[in-house]
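Here the structure comes first, spelled out in structure tokens, and everything after it is commentary.
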Amino acid sequence: MLLSIAVRNLARQRTRTLLTLATIGFGVVGLVLVRGFVDDVLWQLRQATIHSQLGHFQVFAPGYIEGARRDPLTHLIAEPADAIAKLRAIPGVEAVARRLSFSGSLSNGHGQVAVVIEGIDPASEAQIGTAVRIVAGVALDRASGASVMLGEGVAQELGLHPDDTVTLLAATRDGALNTLDATVAGVFRSPFKDYDAIAVRIKLDDAQALVGVDSVNSLAVLLRADTPVARTIAAARHVLPPNRYDIRGWRELADFYQGTAALYHREFLVLLLIVSLMVVLSVSNSIGMSLHERRGEFGTVRALGYPPSTVFREVIAESALLGASAAVLGIALGSALAMLISAVGISMPPPPNSEFGYVAAIRLSVSSVALAALVGVAASIVGAIQPARRLARMPIVEALRHAS
Amino acid sequence: MLICAESVGKTYKLGVQTVTALRAVSLNIDAGAFIALSGPSGSGKSTLLNIIGLIDTPTSGRLLIDGHDVTNRPPEVLAHLRARSIGFVFQTFNLLPVLTAEENVEFPLLQFREFSIRQRRDRVAQLLDLVKLSDHARHRPNQLSGGQRQRVAIARALATGPRIVLADEPTANLDHRTGTRILRLMRRINRMYGTTFIFSTHDPRVIEVADRRVDIEDGAIVRLGVRNGKTWTYAAERTASTPDDLPDELPDELN
């Protein structure tokens, strides 16, 4: 009957209950939408990161990550063919791309810029790099002879266009300088402007010839959709012993993503706190007013033999019920709005370090909806604690003075 | 002795002033008594009633119920004692507005796990029949007259089979005729079940129904009266005792 009393009391003060429901409900709607928006932004950034440079994980020789900047050619993967075969045998692996990256310079006879030269498998790279657009010319696999793809920033820096001739200069593994004359096959644009400003891509054979090695310094692995990344990385670590291979997930390698995600999560946390505080204050005020008017009733309940703890529980149950009802309504409304907004789309300008604008949506997930509901209910309970304690501690005689 | 108040005093702060509501009141009440605490407003009769009902605490003296000292017990213990031993009838009825008449009567029984739903329903039906409100069982308080509400309140006070029922000005909000009916009902229950009734009033017509009267003025007992036919015999001793013809124990059907 106590639950029934709680329901009837909420129904009895209809206007106040509706106002409190609306406050909590809109708080929940806000959390569903903002969290869904943040999740979508981060999901799109994740996809861009994975499908432009990193793949889902990469394999290196031990020590490469720590020493790559100083000397990328020192730590090469010993037997890449064997590692590729083992990786391809893991369920869910879609593509494995070999890469040889090192620093060098690019000149066209009029100017010279420092670049990062990436030797790639054009076919495998095309599978991984679906977020990389060719904005001029053609892809490397359609070009013949020694060819080079330029990041858009590099091309702009030297005023280069497809079919222009350039010279790449790099130090070999032994320390000698070597050059490669190549034709510009095309210009690419990835989601990351910083990368496009320094990157040039050439075929892996040309890169190996330029620096005098026959191996690679990384293998980028792309997984099929819905393949669990962590589990696949664990499987890869199982087949590729750690004394010979260092395997890193995309998240570890994506500094920009991590920084962005941390920023968004911090912002969301602030919003979460604001909404929680708003709900706590609203519920506290509403419950406080309601209890103030019903002091006499609770005095009667206490006089009839119910202990203070029962009064406290009754108030908390009433507030929790209010919070739960508001959470259900908020989730229903929030989900409907999320679907509506997602159907229309939110046109977003290019984020920092990018040339691409994109269309954002509201990404609903069980965890985000559950979090919003939890905040609604928890804040409602927290908001009721102080009024409930005050009421439970009120002397019975004083409470009964307000009975009518 | 069912109730024994020994030099019970009550003071409270009102701003910077200390107000004395009761001055060392001593009073003994036997089981089955039907006693009126009378006096003008502010005399301290409601304070004494509240202390006996364990909803207020004395600042001095002690209170014994059934020989057990209940002074300064923790709120949870007092709540347990109230639930088991004491029923309340209030001047303003104090029914819970969201509950029907039968739910109001059932409400105190919800504290007792030993009652099954069936037992609770049977008991509620029995009590509503006793106060002649079986036809109004599903009515909410706002659908009942003042007299009907007070009868529901009496049924609620009896729900747990208490040995003591305290009524604070039970007829003050009722017209004379309805008030008389309510008093007769309480008197009938007192005689049928031996339930001790203690009520506060300043209405001389209500006092006339009582067996004993305790006159209080300025926080002190000034007179103890025992009914002697249509007149009162005032005793020097500050004890009200039980008429011999009333039973000490509750009949089985309410235990």
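The values are calculated or read from the model by the stated rules, or taken from the named source; none is laboratory data. Computed from a predicted model, the values in this text were never measured in an experiment. Every residue, glycine among them, receives a Cβ derived from its backbone with ideal geometry; neighbour counts consider all protein chains shown. Note: areas computed on protein heavy atoms with side chains; ligands, DNA, RNA excluded. Shrake-Rupley method; radii C 1.70, N 1.55, O 1.52, S 1.80 Å.
Odds and ends about this structure:
- For region A:1-113, the Kirkwood hydrodynamic radius comes to 20.6 Å, computed from all pairs of different C-alpha atoms.
- Across the protein chains, with a 1.4 Å probe defining accessible surface, the residues B:M186, A:M348 rank A:M348, B:M186 from largest area downward.
- B:T59-A:L269 FRET efficiency (beta carbon distance; Förster radius 35 Å; 0.05 resolution): 0.10
- Segment B:H139-B:T20, extension gain: residue separation times 0.36 nm, minus the distance between their alpha carbons: 38.6 nm
- With a 10 Å cut-off around each Cβ of B:79-87, the average count of Cβ atoms from other chains is 4.
- Under the simplified labelling scheme, the A:A22-A:D226 pair shows an inter-label distance of 4.3 nm, with each label point 7 Å from Cα along Cα→Cβ.
- Counting only alpha carbon atoms, the long axis of helix A:2-12 and the longest principal axis of chain A meet at about 90°.
- Between the amide H of B:L37 and those of B:F199, B:S200, B:T201, B:V214, distances stay under 5 Å, these residues lying 5 or more places away or on another chain, with hydrogens modeled in the peptide plane.
- In the assembled protein chains, A:M289 presents an accessible area of approximately 90 Å² (probe radius 1.4 Å).
- Using the Karplus relation 6.51 cos²θ - 1.76 cosθ + 1.60 with θ = phi - 60°, the per-residue 3J(HN,Hα) values for region A:107-115 come to 9, 10, x, 10, x, 9, 10, 6, 9 Hz, with x marking Gly and Pro.
- On Cα atoms only, tilt of B:176-193 relative to the major axis of chain B in degrees: 90 degrees
- Antiparallel bridge percentage (DSSP; both residues within the protein assembly as shown; nearest 5): 70 percent
- Compared with the direct C-alpha span, the chain from A:R390 to A:D82 gains 103.7 nm at full extension, assuming 0.36 nm per residue.
- In order along region A:240-247, the phi-based Karplus estimate (6.51 cos²θ - 1.76 cosθ + 1.60, θ = phi - 60°) of 3J(HN,Hα) comes to 10, x, x, 6, 10, 9, 10, 10 Hz; Gly and Pro are listed as x.
- Acute angle (nearest 10 degrees) that the helix A:229-239 long axis makes with the longest principal axis of chain A, alpha-carbon atoms: 50 degrees
- In summary, the protein assembly as shown shows an alpha-carbon radius of gyration equal to 1.63 times the 2.2 N^0.38 Å reference for compact globular proteins.
- Centre-to-centre, using Cα atoms only, region A:353-404 and region A:272-299 are separated by 10 Å.
- Neighbouring Cβ atoms from other chains, within 10 Å of the Cβ of residues in B:95-104, number 4 on average.
- Long-range HN-HN contacts of B:A24 with modeled amide H, under 5 Å: B:G9, B:K10
- Whole-Å distance, taken between Cα centres, linking region B:88-114 and region B:159-236: 23 Å
- In chain B the Cα-Cα distances spread across 5 Å bins starting at 0 as 1, 6, 13, 18, 19, 17, 13, 8, 4, 1, 0 percent of all pairs.
- Whether region B:65-199 is rounded, prolate or oblate, judged on the alpha carbon gyration tensor where a/c under 1.5 counts as rounded: oblate
- Size-normalised alpha-carbon gyration radius of region A:62-244, reference 2.2 N^0.38 Å: 1.05
- Amide H contacts under 5 Å for B:V89: B:L166, B:A167, B:D168, restricted to partners 5 or more places along the chain or on a different chain, H placed in the peptide plane at 1.01 Å from N.
- Based on DSSP H segments of at least four residues, each scored -39500 (n - 2.57), chain A has a per-residue ellipticity at 222 nm of -17500 deg cm²/dmol.
- Rg/Rh for region B:127-201, where both radii come from Cα atoms and Rh is the Kirkwood radius: 0.94
- Near B:I86, once Lys and Arg are set to +1 and Asp and Glu to -1 for all other residues with Cβ below 14 Å from its Cβ, the sum equals +3.
- C-alpha center-to-center spacing [region A:247-267, region B:1-75] in angstrom: 70 Å
- Accessible surface computed residue by residue for region B:76-208, with neighbouring protein chains in place and a 1.4 Å probe, gives 41 Å² per residue.
- Simple spin-label estimate for B:Y12 and B:T233 in nanometres, 7 Å along Cα-Cβ: 3.8 nm
- Between A and B, roughly 2200 Å² of accessible area is buried in total, ligands, DNA and RNA not counted and the probe set to 1.4 Å.
- Per-residue shielding of A:308-314, expressed as the average number of other chain Cβ atoms within 10 Å of the residue Cβ, stands at 2.
- Using θ = phi - 60° and Karplus 6.51 cos²θ - 1.76 cosθ + 1.60, couplings along region B:138-144 (whole Hz; Gly, Pro as x): 8, 7, 7, x, 6, 9, 10
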